[in-house]
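A short write-up of the structure that comes next.
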Amino acid sequence: MKVRIDDVLIDSTSEQDRQRFYHTKMIDIEVPGFTYKTPDGFYKINFDKLNINSRDRNVLLTKVAYQPTLNKAAYYKKKGEGGSYIVFKMDTLQLAGFNFGQLSRDKKVYAQKAFLKMDNFPSIAISTIRVLLPVRLEMHRT
């Protein structure tokens, strides 16, 4: 991982300065390939490279994938209820106008624009299974 930090200022006003993120004018981060499992353990998110630049307000991910950790049969057996089995892969995801302040305050992702590039391996697959409750039918002759 590479991290570059420019123009650090720690005083009573720098925390409210909208031009700064964590008291800096710029944080530039490059993270090599990484995999993250979701808290429920059903999905993983991985990427080949992540670049973050707080001054330019950009986030760039390459070779991004959001996919289940289990095959379909094991997924539905473990989940025990209806739901969607989602596989989403893209070559590049760029978030422009990314609001780092709102991310740190609200723990939500806000960006003015999102660019998706799916040249090399476009893949979106969603499978849904519905759980049907047993219904007892009675037939009466009249």
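The residue pairs whose first member lies in segment 87-100 and is touching a residue at least 60 places away in the same chain (Cβ under 8 Å), whose second member is open to solvent by 30 Å² or more (accessible area, probe 1.4 Å), and whose beta carbons are closer than 6 Å, counting only pairs six or more residues apart or on different chains, are PHE100/PHE21. Taking segment 59-83 as the range and being surrounded by fewer than 16 Cβ atoms within 10 Å (Cβ to Cβ) and touching a residue at least 40 places away in the same chain (Cβ under 8 Å) as the test, the residues that pass are LYS72, GLU81, GLY82, GLY83. When segment 49-58 is filtered for residues that are buried (at least 16 other Cβ atoms within 10 Å of the Cβ) and either out of contact with any strand residue (DSSP E or B) (no Cβ under 8 Å at 6 or more places or on another chain) or farther than 11 Å from ASP28 by Cβ (or both), the ones remaining, listed by number, are LEU50, ARG57.
Taking first residues from segment 24-38 that are modelled with pLDDT under 75 and partners that are small (Gly, Ala, Ser) and surrounded by 12 or more Cβ atoms within 10 Å (Cβ to Cβ), the Cβ contacts under 6 Å between residues at least 6 apart in sequence or on separate chains come to MET26/SER54.
The set of residues from segment 36-64 being of a type in the set (Gly, Ala, Ser) and under 13 Å from MET90 (Cα atoms) is empty.
The values are calculated or read from the model by the stated rules, or taken from the named source; none is laboratory data. From a predicted model like this one, the values you see are computed outputs, not experimental measurements. For neighbour counting, all protein chains shown are included, and Cβ atoms are generated from backbone atoms with ideal geometry for every residue, glycine included. With ligands, DNA and RNA removed, areas are computed over all heavy atoms of the protein, side chains included. Shrake-Rupley method; radii C 1.70, N 1.55, O 1.52, S 1.80 Å.
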